[in-house]
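Asks: Structure incoming, see below.
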Amino acid sequence: MSRIGKKPVELPSGVSASVSGQTIEVKGPKGTRSFTATDDVTLTVDDGKVKVDPRGTSKRARQQWGMSRTQVANLVTGVTQGFKKELEINGVGYRAQVQGKTLKLALGYSHDVDFAIPEGVDIKAPKPTEIVIEGIDQQVVGQVAANIRAWRAPEPYKGKGIKYKDEFIFRKEGKKK
């Protein structure tokens, strides 16, 4: 039995959900998102709650049960609050700035890195050493943050590079004489 799957997803005020077949569409103040569940689960909406039930006792149905419920909960969170990732830049001369639909990164290369901001994602640079990524799709926000971080991942000796705000970099000691 899935402990997560048993719990129905509450729809806050201002959020509506509609099910057609295996697809659920959630509308809220920040936008509209949809998710298509597998045939192993049943989606139902009644009195402000979305309920996910398995269509059998097979292992796959039980796996999809909890996963589908979590996906629906993420849709509701996305259209109400949105998702946010924060990155920090450490290093002398490393900085970021947003120019229109492009994020310009100076990361110690011979050239600046121009990162095109994808549709549905909002990127801000409140300080030259901070990047804030926001959007209604958790997967897209996380992937954009990972793509930006991949340009200069933090190294363990001096800690230079782009890291998540809550990430801890294990520091190593340098060579000894």
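Asks: Does G93 satisfy being small (G, A, S) and either buried (at least 16 other Cβ atoms within 10 Å of the Cβ) or at pLDDT 95 or above (or both)? Quick ask: steps written out before the conclusion?
Replies: On the way: small (G, A, S): yes; either buried (at least 16 other Cβ atoms within 10 Å of the Cβ) or at pLDDT 95 or above (or both): no.
Answer is no for this residue.
Asks: Do we have any residue at all in the stretch 107-118 that's more than 18 Å from E86 (Cα to Cα), outside any loop (DSSP other than H, G, I, E, B) and in contact with a Lys or Arg (Cβ under 7 Å, 6 or more places away or on another chain)? Lay out the reasoning, then the answer.
Replies: Pass one, the stretch 107-118, residues more than 18 Å from E86 (Cα to Cα): 108-114.
Pick out the ones that are also outside any loop (DSSP other than H, G, I, E, B) and you get 113-114.
With the extra rule that they be in contact with a Lys or Arg (Cβ under 7 Å, 6 or more places away or on another chain), the set shrinks to 114.
There is at least one residue in the stretch 107-118 that is more than 18 Å from E86 (Cα to Cα), outside any loop (DSSP other than H, G, I, E, B) and in contact with a Lys or Arg (Cβ under 7 Å, 6 or more places away or on another chain).
Asks: Now, a different point. Of all residues in the stretch 2-55, which are surrounded by 14 or more Cβ atoms within 10 Å (Cβ to Cβ) and either of a type in the set (D, E) or in a helix (DSSP H, G or I) (or both)?
Replies: If the condition is that a residue be surrounded by 14 or more Cβ atoms within 10 Å (Cβ to Cβ) and either of a type in the set (D, E) or in a helix (DSSP H, G or I) (or both), then G5, E25, D40, D53 are the ones that fit.
Asks: Given the criterion at negative phi and at pLDDT below 95, identify the matching residue among I136, I131. Walk me through it before giving the result.
Replies: Details: I131 fails: at pLDDT below 95.
The unique qualifying residue is I136.
Asks: Answer with yes or no whether G78 is modelled with pLDDT of 90 or more and under 21 Å from Q139 (Cα atoms).
Replies: Values: modelled with pLDDT of 90 or more: yes; under 21 Å from Q139 (Cα atoms): yes.
Yes; evaluated as a whole, the condition is true for this residue.
Asks: Would you be able to say whether some residue in the stretch 161-171 is touching a residue at least 12 places away in the same chain (Cβ under 8 Å), basic (K, R), surrounded by 11 or more Cβ atoms within 10 Å (Cβ to Cβ) and touching a helix residue (DSSP H, G or I) at 6+ places or on another chain (Cβ under 8 Å)?
Replies: The answer is yes; a qualifying residue exists.
Asks: Turning to a different aspect of this structure: Just name the residue that is farthest from S68 (Cα to Cα) out of those in the stretch 1-35 that are free of Cβ contacts under 8 Å to residues at least 24 places away in the same chain and of a type in the set (S, T, N, Q).
Replies: S13
Asks: So for the stretch 145-155 (the condition being surrounded by fewer than 17 Cβ atoms within 10 Å (Cβ to Cβ), of a type in the set (S, T, N, Q) and not in a loop (DSSP other than H, G, I, E, B)), does at least one residue qualify?
Replies: Applying the first criterion (surrounded by fewer than 17 Cβ atoms within 10 Å (Cβ to Cβ)) to the stretch 145-155 yields 146-147, 150-151, 153, 155.
Then drop every residue that is not of a type in the set (S, T, N, Q), which leaves 147.
Keeping just the survivors that are not in a loop (DSSP other than H, G, I, E, B) gives 147.
Yes.
Asks: Going residue by residue through the stretch 128-143, is there one that turns out to be surrounded by 12 or more Cβ atoms within 10 Å (Cβ to Cβ) and either in the same structural domain as N74 (by TED's automatic domain parsing) or over 20 Å from the mean Cα position of the chain (by Cα) (or both)? Even if it seems obvious, please write down each step before you answer.
Replies: Taking the stretch 128-143 first, the residues surrounded by 12 or more Cβ atoms within 10 Å (Cβ to Cβ) are 128-143.
Now narrow it down to the ones that are either in the same structural domain as N74 (by TED's automatic domain parsing) or over 20 Å from the mean Cα position of the chain (by Cα) (or both): 128-129.
Yes, the stretch 128-143 has at least one match.
Asks: Oh, and also: Could you check the stretch 93-137 and list, in sequence order, the residues that are β-branched (V, I, T), touching a residue at least 24 places away in the same chain (Cβ under 8 Å) and under 21 Å from D166 (Cα atoms)?
Replies: Residues satisfying the conditions are I123, T129, I131, V132, I133, I136.
Asks: Scan T80, T102 and give me the residue that is of a type in the set (S, T, N, Q), in contact with a Gly (Cβ under 8 Å, 6 or more places away or on another chain) and either surrounded by 13 or more Cβ atoms within 10 Å (Cβ to Cβ) or outside the structural domain of T23 (by TED's automatic domain parsing) (or both). Write out each step before concluding.
Replies: Values: T102 fails: in contact with a Gly (Cβ under 8 Å, 6 or more places away or on another chain).
Result of the check over T80, T102: T80.
The values are calculated or read from the model by the stated rules, or taken from the named source; none is laboratory data. Since the structure is predicted, the reported quantities are computational estimates derived from the model, not experimental observations. Cβ sites come from the backbone with ideal geometry, for glycine too, and all protein chains shown count toward neighbours.
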